[in-house]
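Q: First, the structure itself, so that you have it in front of you.
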């Protein structure tokens, strides 16, 4: 039997991961970036960001594993081979970029001594995270992620409203 939608665990993982990633991107860009490193509230905000970032890392690894181990519906087509290839590549890129962002965040925390500050209360937050190379990787990767998410949403809307192939039923709960 040909699958027409993703399985329930995969759908739940997708939407949970997407929600937490959006929260991290918005709060990282609009909240964390605007709190001075010398402000006491920065530590609590970093703790939440680091814990949720670790959670996204684990969710992404789980999603990749689950995708490999469970039956998948065929990729939807647009009738345009280049767009079809871009759609497949975008999904791989989103996962890889998520992992890169998490690894660069962990690297930044290790190099800057942030784990000790945030979780053990020892030391102080560095004056400038840009003194550490992983900060550049983390920042650039999150900007690329935002662009890819926008393209992902546009692609979904294109399928839904132009092609009208019921794409959202494939990635939502309930019957096919």
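The values are calculated or read from the model by the stated rules, or taken from the named source; none is laboratory data. None of the values given here were measured: they were computed from a predicted structure. No Cβ is skipped: glycine too gets one built from the backbone with ideal geometry, and neighbour counts run over all protein chains shown.
Q: Go through segment 116-152 and report how many residues are exposed (fewer than 13 other Cβ atoms within 10 Å of the Cβ), touching a helix residue (DSSP H, G or I) at 6+ places or on another chain (Cβ under 9 Å) and part of a loop (DSSP other than H, G, I, E, B).
A: Going through segment 116-152 one residue at a time, the tally reaches 4.
Q: Check segment 78-95 and report whether any residue there is on the phi > 0 side of the Ramachandran plot and either modelled with pLDDT under 95 or surrounded by fewer than 12 Cβ atoms within 10 Å (Cβ to Cβ) (or both). Write out each step before concluding.
A: Within segment 78-95, the subset on the phi > 0 side of the Ramachandran plot is 79.
After this cut, where a residue has to be either modelled with pLDDT under 95 or surrounded by fewer than 12 Cβ atoms within 10 Å (Cβ to Cβ) (or both) as well, the list is 79.
Checked segment 78-95: at least one residue is on the phi > 0 side of the Ramachandran plot and either modelled with pLDDT under 95 or surrounded by fewer than 12 Cβ atoms within 10 Å (Cβ to Cβ) (or both).
Q: Would you call residue 83 farther than 19 Å from residue 49 by Cα, assigned to a loop (DSSP other than H, G, I, E, B) and touching a helix residue (DSSP H, G or I) at 6+ places or on another chain (Cβ under 9 Å)? First the steps, then the outcome.
A: On the way: farther than 19 Å from residue 49 by Cα: yes; assigned to a loop (DSSP other than H, G, I, E, B): no; touching a helix residue (DSSP H, G or I) at 6+ places or on another chain (Cβ under 9 Å): yes.
Considered against the rule, which asks whether it is farther than 19 Å from residue 49 by Cα, assigned to a loop (DSSP other than H, G, I, E, B) and touching a helix residue (DSSP H, G or I) at 6+ places or on another chain (Cβ under 9 Å), residue 83 comes out as no.
Q: Out of segment 30-40, which residues are assigned to a helix (DSSP H, G or I) and touching a helix residue (DSSP H, G or I) at 6+ places or on another chain (Cβ under 6 Å)?
A: Filtering segment 30-40 for residues assigned to a helix (DSSP H, G or I) gives 30, 32-34.
Answer for segment 30-40, where residues must be assigned to a helix (DSSP H, G or I) and touching a helix residue (DSSP H, G or I) at 6+ places or on another chain (Cβ under 6 Å): just 32.
Q: Based on this model, can you work out whether residue 161 counts as in a helix (DSSP H, G or I), in contact with a helix residue (DSSP H, G or I) (Cβ under 9 Å, 6 or more places away or on another chain) and loosely packed, with under 15 Cβ neighbours inside 10 Å? Working first, answer last.
A: Numbers: in a helix (DSSP H, G or I): yes; in contact with a helix residue (DSSP H, G or I) (Cβ under 9 Å, 6 or more places away or on another chain): no; loosely packed, with under 15 Cβ neighbours inside 10 Å: yes.
Considered against the rule, which asks whether it is in a helix (DSSP H, G or I), in contact with a helix residue (DSSP H, G or I) (Cβ under 9 Å, 6 or more places away or on another chain) and loosely packed, with under 15 Cβ neighbours inside 10 Å, residue 161 comes out as no.
Q: Can you pull out every residue in segment 65-80 that is more than 21 Å from residue 155 (Cα to Cα) and in a helix (DSSP H, G or I)?
A: As a first pass, look at segment 65-80 and keep what is more than 21 Å from residue 155 (Cα to Cα): 65-66, 68-71.
Listed by number, the residues that qualify are 65, 66, 68, 69.
Q: With respect to the numbered conditions (1) in contact (Cβ under 8 Å) with a residue 24 or more places away in the chain; (2) in contact with a helix residue (DSSP H, G or I) (Cβ under 7 Å, 6 or more places away or on another chain), which one is the sole condition not fulfilled by residue 72?
A: With (1) in contact (Cβ under 8 Å) with a residue 24 or more places away in the chain; (2) in contact with a helix residue (DSSP H, G or I) (Cβ under 7 Å, 6 or more places away or on another chain) applied to residue 72, the lone miss is (2).
Q: Considering each of 43, 20 in turn, give the residue that is assigned to a helix (DSSP H, G or I), touching a residue at least 60 places away in the same chain (Cβ under 8 Å), surrounded by 12 or more Cβ atoms within 10 Å (Cβ to Cβ) and touching a helix residue (DSSP H, G or I) at 6+ places or on another chain (Cβ under 9 Å).
A: On the way: 20 fails: touching a residue at least 60 places away in the same chain (Cβ under 8 Å).
When all the criteria are applied, what remains is 43.
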